[in-house]
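The values are calculated or read from the model by the stated rules, or taken from the named source; none is laboratory data. Since we're looking at a predicted model, the values are computed, not measured. Cβ coordinates were reconstructed from backbone atoms using ideal geometry, including for glycine residues, and neighbour counts include every protein chain displayed. Surface accessibility is based on the protein's heavy atoms, side chains included, excluding ligands, DNA and RNA. Shrake-Rupley method; radii C 1.70, N 1.55, O 1.52, S 1.80 Å.
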Amino acid sequence: MSATSGDRFGAAGKQADSASDAAKTLIMRGNRLDSRDLFSTERELIIVHGEEHYRLRLTSQNKLILTK
């Protein structure tokens, strides 16, 4: 099973410049995603939940921070 992320926002909340910036295929195993796949190119990503935008960041100490 794969999940595709790709709205009009790039990893830091900026509008994506091209289709290649807006789409990424992730492999799910059951209900799990490996964070190394999520953060392979960026240390920050935007999660859209309904009308809300959340920012998921990977810190320098390898911790995750989710903020609204």
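On the given criteria, is Glu42 without any contact (Cβ under 8 Å) to a residue 12 or more places away in the chain, open to solvent by 60 Å² or more (accessible area, probe 1.4 Å) and among the charged types (D, E, K, R)?
no
With respect to Thr4, determine if the residue is in a strand (DSSP E or B), open to solvent by 50 Å² or more (accessible area, probe 1.4 Å) and modelled with pLDDT under 80.
Answer is yes for this residue.
In the range 27-53, which residues are outside any loop (DSSP other than H, G, I, E, B) and more than 10 Å from the chain's Cα centre (by Cα)?
Passing the criteria: Ile27, Arg29, Arg32, Arg36, His49, Glu52, His53.
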